[in-house]
């Protein structure tokens, strides 16, 4: 069985005009798909990304020249022009003109909610059976978006979701499914590990990789025997010491998560979260 921790590698973080945050995922994602295979026409979906070479799906898109549906509520003209430069820089660095096709597959501005996900997917004519990779990083109702996608029958081979280690390992909670919710502490975002893990296990997925304080990688059960199951107690980054150790090992120099300087959460901070039923 493959231990994906041994394949952490940063490759593409400087392929854009500006350096992107990175977490060692550039080596992990190709290893997964070299093992389980990609669709005849590689395709991925990414929620919350406004850069062609953003943080999560870039290795998949570059490695397999994949088409993508990806969008962000904050996408703007500045992002659009930076993406043009990013594509030409990739072509220059790789000496591969085929990457010019990325000019016709840019992100777009879209607010995603549980109410419009089905229409977004239908409009994009996404084949439920041909999504290799789907990732969600919205810092808000990620849990409810993921749940809706799974309920609609979109079951990618690999599903990557951001989680919030500040909630602790045992709390089964999530940011409310409410666009007007505005927490005062930056550490309030997304869902807990337990909430995400219960959700994905209920839809036949297995955890195959933990990207520090950022992402959980869930693989469809039919592929789970290829990979070692992570020890969440070792991977969970819930203390300043673990967070800084992870940054020093896998992130760019001087990288600081936006929430790290905020006050640590207390029970009163969690009162407005949604606590989920077990099972």
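The values are calculated or read from the model by the stated rules, or taken from the named source; none is laboratory data. Owing to the predicted nature of the structure, the values given are computational and were not obtained by experimental measurement. So basically every Cβ, Gly included, is an ideal-geometry build from the backbone, and we count neighbours across all protein chains shown.
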From the list 131, 126, 120, which residue is surrounded by fewer than 19 Cβ atoms within 10 Å (Cβ to Cβ), touching a strand residue (DSSP E or B) at 6+ places or on another chain (Cβ under 9 Å) and either in a loop (DSSP other than H, G, I, E, B) or at pLDDT below 90 (or both)?
126
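Residues are listed down the side, and each one gets a yes or a no for (1) in contact with a strand residue (DSSP E or B) (Cβ under 8 Å, 6 or more places away or on another chain); (2) assigned to a loop (DSSP other than H, G, I, E, B); (3) farther than 14 Å from residue 140 by Cα:
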site: 160; (1), (2), (3): yes, no, yes
site: 171; (1), (2), (3): yes, yes, yes
site: 178; (1), (2), (3): no, yes, no
site: 187; (1), (2), (3): no, yes, no
site: 198; (1), (2), (3): no, no, yes
site: 209; (1), (2), (3): yes, no, yes
site: 216; (1), (2), (3): yes, no, yes
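Is it the case that some residue within the range 232-244 is at negative phi, surrounded by fewer than 12 Cβ atoms within 10 Å (Cβ to Cβ), in a loop (DSSP other than H, G, I, E, B) and more than 18 Å from the chain's Cα centre (by Cα)? Working first, answer last.
First pass over the range 232-244, keeping only residues at negative phi: 232-244.
Imposing the further condition that a residue be surrounded by fewer than 12 Cβ atoms within 10 Å (Cβ to Cβ) reduces the set to 233-234, 239-241.
If we keep only those that are in a loop (DSSP other than H, G, I, E, B) too, we end up with 239.
From the residues that got through so far, the ones that are more than 18 Å from the chain's Cα centre (by Cα) too are 239.
Yes, that holds for at least one residue.
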Selection within the range 41-79 - over 13 Å from the mean Cα position of the chain (by Cα) and at positive phi
65
Residue in the range 212-235 that is nearest to residue 261 (Cα to Cα), counting only those that are in contact with a helix residue (DSSP H, G or I) (Cβ under 6 Å, 6 or more places away or on another chain) and modelled with pLDDT under 95:
213
Residue list for the range 1-27, restricted to those being at pLDDT 95 or above and under 18 Å from residue 51 (Cα atoms):
none
Pick from the range 151-183, criterion farther than 30 Å from residue 35 by Cβ and free of Cβ contacts under 8 Å to residues at least 60 places away in the same chain, ranking: surrounded by the most Cβ atoms within 10 Å (Cβ to Cβ):
178
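Yes or no: residue 205 at pLDDT 95 or above and under 19 Å from residue 257 (Cα atoms)? Don't jump to the end; show me each part of the working.
Details: at pLDDT 95 or above: yes; under 19 Å from residue 257 (Cα atoms): no.
Answer is no for this residue.
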Given the criteria at pLDDT 95 or above, surrounded by 14 or more Cβ atoms within 10 Å (Cβ to Cβ), touching a strand residue (DSSP E or B) at 6+ places or on another chain (Cβ under 7 Å) and not in a helix (DSSP H, G or I), does residue 138 qualify?
no
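Residue by residue through the range 79-97, note down the ones that are farther than 19 Å from residue 110 by Cα and touching a residue at least 60 places away in the same chain (Cβ under 8 Å).
At the first step, the residues of the range 79-97 found to be farther than 19 Å from residue 110 by Cα are 84-97.
Selection gives 85, 86, 89, 90, 93.
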Of the numbered conditions (1) in contact (Cβ under 8 Å) with a residue 60 or more places away in the chain; (2) assigned to a helix (DSSP H, G or I); (3) under 22 Å from residue 8 (Cβ atoms); (4) over 15 Å from the mean Cα position of the chain (by Cα), residue 38 satisfies every one except a single condition; which is it?
(2)
Yes/no for residue 269 being out of contact with any strand residue (DSSP E or B) (no Cβ under 8 Å at 6 or more places or on another chain) and modelled with pLDDT of 90 or more:
yes
What tally of residues in the range 63-78 results from selecting those that are buried (at least 19 other Cβ atoms within 10 Å of the Cβ) and either over 23 Å from residue 126 (Cβ atoms) or modelled with pLDDT of 90 or more (or both)?
4
Matching residues in the range 52-70 - criterion: being closer than 16 Å to residue 91 by Cα and assigned to a loop (DSSP other than H, G, I, E, B):
52, 53, 65, 66
Take residue 264 and decide whether it is at pLDDT 90 or above and farther than 30 Å from residue 3 by Cα.
yes
